[in-house]
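Asks: Just passing along the structure, written as structure tokens.
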Amino acid sequence: MGIVQKQSVQNVIITYIGFFIAAINTLFLYTKILPDAYYGLVTFILASGAILMPILAFGVHNTMVKYFSNFSEEDKDGFLTLMMLTPLLGILPVALIFSIWQEPLGNWISKENPMVKDYLWYIFLVGLAMAYFEVFYAWCRVHMKSVFGNFMKEVFARVGVSLLLALFYFGAINLDVFLKLLVGLHLLRTIIIQLYAYTLRFPRFNLNFPAHTKEILSYSVLIILGGSAALVLLEIDKVMLNQFISIENVAYYSVAVYIATVIIVPSRAMHQITYPLTAELLNSGDGAGLKKLYQRTSLTLLIASGLLFLLIILNMKDLFQLLPENYRGGFTIVLLIGLAKVMDSILGNNNAILYNSKYYRTVLVFGVGLAILTIVLNYLLIPKFGLEGAAMASFISIFIFNGVKLAFVRIKFGYWPFTAATFKILATLVLLAVLFRFLEFSFHPLINIGLKSGLIVLMYVGILYRFNISEDVTGYVSKWFKKNTP
């Protein structure tokens, strides 16, 4: 676990810096600088681009991770050339569709909010930038160099957004220029990660593709379905809200979802390196190592995500006081999406196991079915319950999807991610939720959040250490005591 721990720690630090900047952007700059409708428009463009990304990437970012370690050094140039060209199989048809059916597509997405129609091509360009960014990010990850890519993904774009919002606030640019530069920021990020990837291994253009290219492309096509299904589960709510209610509501929903999304930060950081490691363990047939990684990632992520969920839910009253009044009604959304993120985390590297195994086809079918279910649930629940309906649709879909994936790994591999420590941690979280539910301070909201959070963290870490529930926590705390004890 040495390389996992080292790069995971670096990625956690970078990811938290990114989320801190994103918190400033999402909770304060966007909400107070950009008109609500335009904040909703930005959310819609980025969410739509994210859903389009797997199609434009043509599954290459996952395919590269799965197959790269199988090739000898001489054969890797042909494979990487194939990986750079394959996205064109998705990009060219989608660009053609956007060109031919621009008017009907524009009318469809602007049925409820006419302002959206003028930004159809922004969605395509953002999706294109995201697609090739993921391709070159995967290039870095297969060389076990995930930190810079994580910086570009989590920090660079968010700092850029802060600068753009500052320029708009001081009148240096207008809203139209802001949106154009936002698209340009994503394109610039892709160019930078491409140049960095080339420093790790400069591509030698080689049309001598691998002998089993057909198998590789077949996997990529199936991964498109899987990637699309996963992103539909994550982003379709923001897109479909635009079809039923005024677009400023997309902004209000986005803020609540962002607050809950903080829970997934440790998982996102750890998966940067555990994904390729899982592929290697599967390729080498190391079942014992795979089981150990599965259970350890699950336990570590539950400890982190459970604590974050607790801190968010128990501080919501004070947190909402820091936001403009229009953004204060999202407790139910935060609760439902937060629980969904904890469920995602407790599965550890489950996704990596499934998508790198011989069973990926079956799992992709499950994913597509549940993506369709998500769309249907949003269609039924948003008109009836509004923003809370979108959150309910996401929660139900993610709960079912995670249950299916959990059962499938158990049936096919014989592994559970859970250990006795899992249930001890869950009991600890419930205990702390009961103890701190009604504890309130009467100071400034930031002070209240700091005081309550400090007490929760101290008690949480103390319980884990006292009862030796987690080897990692016990080890870190023991090292801290040794270092700081005279």
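Asks: How about segment 398-423: which of its residues are open to solvent by 90 Å² or more (accessible area, probe 1.4 Å), touching a residue at least 40 places away in the same chain (Cβ under 8 Å) and touching a Phe, Trp or Tyr at 6+ places or on another chain (Cβ under 7 Å)?
Replies: Answer for segment 398-423, where residues must be open to solvent by 90 Å² or more (accessible area, probe 1.4 Å), touching a residue at least 40 places away in the same chain (Cβ under 8 Å) and touching a Phe, Trp or Tyr at 6+ places or on another chain (Cβ under 7 Å): just 412.
Asks: Considering only residues that are loosely packed, with under 14 Cβ neighbours inside 10 Å and closer than 20 Å to residue 342 by Cα, which ones fall in segment 436-457?
Replies: 437
Asks: Would you confirm, using the coordinates I've provided, whether residue 119 is of a type in the set (Ser, Thr, Tyr), open to solvent by less than 60 Å² (accessible area, probe 1.4 Å), farther than 20 Å from residue 223 by Cα and modelled with pLDDT of 90 or more?
Replies: So residue 119 fits the description; yes.
Asks: Within segment 182-203, does at least one residue satisfy the condition of being farther than 27 Å from residue 267 by Cα, open to solvent by 50 Å² or more (accessible area, probe 1.4 Å) and among the basic types (Lys, Arg)?
Replies: No.
Asks: Check whether at least one residue in segment 246-267 is closer than 30 Å to residue 85 by Cβ and modelled with pLDDT of 80 or more, and report yes or no.
Replies: no
Asks: Among the candidates 364, 373, 429, which residue alone is closer than 20 Å to residue 337 by Cα and either of a type in the set (Asp, Glu) or open to solvent by less than 30 Å² (accessible area, probe 1.4 Å) (or both)?
Replies: 429
Asks: Considering only segment 284-326, state which residues are basic (Lys, Arg) and under 21 Å from the mean Cα position of the chain (by Cα).
Replies: Across segment 284-326, the qualifying residue is only 296.
Asks: If residue 49 satisfies every condition in (1) within 30 Å of residue 253 (Cβ to Cβ); (2) modelled with pLDDT of 90 or more; (3) open to solvent by 10 Å² or more (accessible area, probe 1.4 Å); (4) not hydrophobic (A, V, I, L, M, F, W, C) but one, which is the exception?
Replies: Only one criterion in (1) within 30 Å of residue 253 (Cβ to Cβ); (2) modelled with pLDDT of 90 or more; (3) open to solvent by 10 Å² or more (accessible area, probe 1.4 Å); (4) not hydrophobic (A, V, I, L, M, F, W, C) is unmet by residue 49, namely (3).
Asks: Hey, any hits in segment 327-334 for a residue that's part of a helix (DSSP H, G or I), modelled with pLDDT of 90 or more and within 18 Å of the chain's Cα centre (by Cα)?
Replies: Yes, that holds for at least one residue.
Condition check ((1) free of Cβ contacts under 8 Å to residues at least 12 places away in the same chain; (2) open to solvent by less than 50 Å² (accessible area, probe 1.4 Å)) across all residues:
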residue: 288; (1), (2): yes, no
residue: 294; (1), (2): no, yes
residue: 317; (1), (2): no, no
residue: 358; (1), (2): yes, no
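Asks: Here's something else I'd like to know. Here is a check on your reading of the model: is residue 274 open to solvent by 30 Å² or more (accessible area, probe 1.4 Å) and in a helix (DSSP H, G or I)?
Replies: On the way: open to solvent by 30 Å² or more (accessible area, probe 1.4 Å): no; in a helix (DSSP H, G or I): yes.
No: the conditions fail for residue 274.
Asks: Taking the residues in segment 204-220 that are among the hydrophobic types (A, V, I, L, M, F, W, C) and part of a helix (DSSP H, G or I) as candidates, determine which candidate is least open to solvent (accessible area, probe 1.4 Å).
Replies: 216
Asks: Quick check on segment 148-169. Is at least one of its residues without any contact (Cβ under 8 Å) to a residue 24 or more places away in the chain and surrounded by 18 or more Cβ atoms within 10 Å (Cβ to Cβ)?
Replies: Checked segment 148-169: at least one residue is without any contact (Cβ under 8 Å) to a residue 24 or more places away in the chain and surrounded by 18 or more Cβ atoms within 10 Å (Cβ to Cβ).
The values are calculated or read from the model by the stated rules, or taken from the named source; none is laboratory data. What you see is a predicted model; the values in this text were computed from it and never measured. Glycine also receives a Cβ, built like all others from the backbone with ideal geometry; neighbour counts cover every protein chain displayed. Just so you know, the surface numbers come from the protein's heavy atoms only, side chains and all, with ligands and any DNA or RNA stripped out. Shrake-Rupley method; radii C 1.70, N 1.55, O 1.52, S 1.80 Å.
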